[in-house]
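Take a look at the structure set out below.
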């Protein structure tokens, strides 16, 4: 995981994105198990969404998607990851999360 930053597609012939994300989630946290992952796909059925989330993706985004919407989704996922990292090892709790999210929203001009 450290050497490569794969751009993986769910519908690939040799190894699809579902099996890849399962392998990634089986790694230790130090080796990338918790890497944020979005299933960006042309598959739009509810069954595909459930399959992607059950496989280990945090979010499912059907194509086509507006660039601004995708940027916002990636930002949300990154902020969630940053909050988890910031809270590891110190008893991060729900109150901390809410205050951190409020601070992020305020810093970006969202009320």
* Residue within the stretch 77-85 that is loosely packed, with under 13 Cβ neighbours inside 10 Å, part of a helix (DSSP H, G or I) and at pLDDT 90 or above present -> no
* Structure fact -> Condition set under 11 Å from the mean Cα position of the chain (by Cα), in contact (Cβ under 8 Å) with a residue 24 or more places away in the chain and in the same structural domain as residue 18 (by TED's automatic domain parsing), scope the stretch 31-76, selection surrounded by the most Cβ atoms within 10 Å (Cβ to Cβ): answer is 39
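The values are calculated or read from the model by the stated rules, or taken from the named source; none is laboratory data. No experiment lies behind these values; they were computed from the predicted model shown. Here Cβ is always computed from backbone atoms with ideal geometry, including for glycine, and neighbour counts include all displayed protein chains.
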